[in-house]
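The values are calculated or read from the model by the stated rules, or taken from the named source; none is laboratory data. Being a predicted model, the structure only gives us computed values, none of them experimental. Cβ sites come from the backbone with ideal geometry, for glycine too, and all protein chains shown count toward neighbours.
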Amino acid sequence: MLLNLVLLILGFVLLIRGADYFVDGASALANRMCIPPIIIGLTVVAMGTSAPEAAVSISSALHGSNAIAIGNVVGSNIANIFLILGLTAIFTTLTVQKNTIRYEIPFVGIITILLCWLGASFGVISRASAFVLLGLFVAFLGYLFAISRNTECDTSNIKHMSAVKIILCIVLGLVALVLGSNITVSAACDIARYIGVSERVIGLTIIALGTSLPELVTSVIAARHGESDIAIGNIVGSNIFNILFVLGIAGVILPIPFNPAFLFDGIMAILAVALLWLCTVRHGRMGYKSGILFVLIYIAYLVYLVIGK
């Protein structure tokens with residue numbers, strides 16, 4: 001038990017330091033290559049911080065535990081919006097670009113609805129469905145490439161960092177994030193088992209929360225550094241990446257059974273996207289009041305999982 005507590009602390013330290021380096025490197029990369037920070041957030045940062053979800057879900061598919069793949073992804077997506085964006089907004093007001101409000105956030109809602117429909121209609125995410133998800137992921141990357149080409153370069157606020165240092169920051173930061181996440185999840189699961197929490201609740205809460213820790217730390221630190229685009233892009237991009245790429249790859253490896261109980265979680269994920277859009281569509285920003293509301297909803301969701309499951 002004591003060893004697990006020490007490992008838990010070590011995992012958090014790696015997450016925080018890794019996020020610091022990763023955000024600095026990603027921000028410098030955006031400026032050096034004249035790529036909008038929102039694009040970096042939606043791609044490099046989102047995919048990097050979603051590495052734990054990818055590792056857990058793909059590994060689950062390889063070992064035949066496919067139900068974990070959906071639970072991990074849906075649970076992480078709910079945590080990403082309600083908990084992570086909620087906490088980030090409490091620390092600092094998040095500014096959201098019009099493009100993100102008009103296209104990217106609604107796209108997250110559409111693919112979440114699609115996932116629920118596929119699961120509820122067929123009872124499984126088949127290989128055909130998985131290829132549809134992967135096809136949408138390729139289309140999304142094409143959309144990002146198109147808008148990045150149409151964005152003018154602003155060189156007025158370039159962060160001076162050598163190419164070698166940028167690469168080191170991104171790679172070392174990502175390694176620390178993934179390693180820290182793995183250590184934290186493992187220690188948290190051992191502690192939960194020690195105090196008698198069921199395996200199912202562990203999967204729906206601790207594993208989903210644990211694999212979302214990189215997004216949490218990265219978003220908070222990015223926001224505190226004044227990089228709201230990276231913070232928002234990280235969460236929106238991670239949710240897209242989780243559904244389209246992670247479940248797409250897992251479903252291609254082996255069809256994923258869709259437990260009817262996951263439909264409630266899917267509805268919660270849709271609600272999270274809808275509330276995010278409603279809170280940002282009018283003024284283009286998310287403040288502490290919305291952040292508090294999101295965190296309270298997430299706490300209520302966790303209470304339901306623990307009591308209801």
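Which one is farthest from Val273 (Cα to Cα) among residues in segment 104-142 that are touching a residue at least 24 places away in the same chain (Cβ under 8 Å) and among the hydroxyl-bearing types (Ser, Thr, Tyr)?
Looking at the filtered set, the residue picked out is Ser126.
Conditions (1) buried (at least 17 other Cβ atoms within 10 Å of the Cβ); (2) touching a Gly at 6+ places or on another chain (Cβ under 6 Å); (3) touching a residue at least 24 places away in the same chain (Cβ under 8 Å), marked per residue:
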{"site": "Ile235", "(1), (2), (3)": "yes, no, yes"}
{"site": "Asn239", "(1), (2), (3)": "yes, no, yes"}
{"site": "Asn242", "(1), (2), (3)": "yes, no, yes"}
{"site": "Leu247", "(1), (2), (3)": "yes, no, yes"}
{"site": "Pro260", "(1), (2), (3)": "no, no, yes"}
{"site": "Val273", "(1), (2), (3)": "yes, yes, yes"}
{"site": "Gly284", "(1), (2), (3)": "no, no, yes"}
{"site": "Ile299", "(1), (2), (3)": "no, no, no"}
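Considering (1) modelled with pLDDT of 75 or more; (2) closer than 22 Å to Tyr288 by Cα, say which one Ser212 fails and leave the rest.
It is condition (1) that Ser212 fails.
Kindly indicate which of Ile113, Ile170 is part of a helix (DSSP H, G or I) and at pLDDT below 90.
Exactly one of Ile113, Ile170 is part of a helix (DSSP H, G or I) and at pLDDT below 90, namely Ile170.
Just give me the residues in segment 81-100 being within 16 Å of Tyr298 (Cβ to Cβ) and either among the aliphatic types (A, V, I, L, M) or touching a His at 6+ places or on another chain (Cβ under 7 Å) (or both), in sequence order.
Ile81, Leu83, Ile84, Leu85, Leu87, Ala89, Ile90
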